[in-house]
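The values are calculated or read from the model by the stated rules, or taken from the named source; none is laboratory data. Treat the numbers as computed from the prediction; the structure is a model and nothing was measured. Cβ sites come from the backbone with ideal geometry, for glycine too, and all protein chains shown count toward neighbours. Accessible surface is based on the protein model in full, side chains and every heavy atom, while ligands, DNA and RNA are left aside. Shrake-Rupley method; radii C 1.70, N 1.55, O 1.52, S 1.80 Å.
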Amino acid sequence: MAELPQVDTTTVYTEEQIAKHNTEEDCWIVVNGKVYDVTTFLEDHPGGIESITAVAGTDSTDDFEAVAHSKPAIEMMAKYQVGVAEAKAGSEKTTKKVEQKTGGAPFGVLLKAGLVLAVVGAYFYAQKSKIA
């Protein structure tokens with residue numbers, strides 16, 4: 001097996017730097033703002049080499065999240081991290097990811113939906129009790 005890249009969680013890479021790593025011989029991807037050198041993993045990827053090389057050198061977060069990756073697969077990614085992608089100020093994708101990680105809008109939406117479901121459930125339970 002080929003040697004793994006040295007794990008680095010602090011080096012910041014620009015979009016242009018990441019874009020240069022777009023071949024089977026030098027394959028980087030970005031998922032949720034983290035940059036991964038997955039060159040040595042290509043042969044072992046259950047989805048095949050092409051599923052990764054098709055998005056090499058780009059932010060592949062949407063493609064990654066569209067597939068149901070297992071928890072061990074997600075945890076395994078850490079050993080391939082070579083840095084972080086430079087955040088684009090005000091970018092919608094960056095803002096969305098920050099909200100998700102900090103309990104912003106998506107958590108609030110889920111909380112409100114749960115509250116609505118609880119109220120509706122209580123209403124129907126009360127109606128059922130009146131009939132009986």
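If you go through region 1-21 and pick out every residue that is polar (S, T, N, Q) and either outside any loop (DSSP other than H, G, I, E, B) or in contact with a Phe, Trp or Tyr (Cβ under 6 Å, 6 or more places away or on another chain) (or both), you end up with 1.
Pairing each residue of region 1-28 that is free of Cβ contacts under 8 Å to residues at least 40 places away in the same chain and closer than 22 Å to residue 44 by Cβ with any residue that is open to solvent by less than 50 Å² (accessible area, probe 1.4 Å) and assigned to a strand (DSSP E or B), provided the two are 6+ apart or on different chains, yields C-beta distances under 6 Å for 21/28.
Here are some residues: 19, 68, 56, 73. Which one is in contact with a Pro (Cβ under 9 Å, 6 or more places away or on another chain), more than 16 Å from residue 6 (Cα to Cα) and not β-branched (Val, Ile, Thr)?
Numbers: 19 fails: in contact with a Pro (Cβ under 9 Å, 6 or more places away or on another chain); 68 fails: in contact with a Pro (Cβ under 9 Å, 6 or more places away or on another chain); 56 fails: in contact with a Pro (Cβ under 9 Å, 6 or more places away or on another chain).
It is 73.
Taken as a whole, the structure places residue 26 among residues that are open to solvent by less than 80 Å² (accessible area, probe 1.4 Å), farther than 18 Å from residue 74 by Cα and in contact with a strand residue (DSSP E or B) (Cβ under 9 Å, 6 or more places away or on another chain). Applying the criterion of being open to solvent by 40 Å² or more (accessible area, probe 1.4 Å) and of a type in the set (A, V, I, L, M, F, W, C) to the residues of region 29-60, the residue that is farthest from residue 72 (Cα to Cα) is 54.
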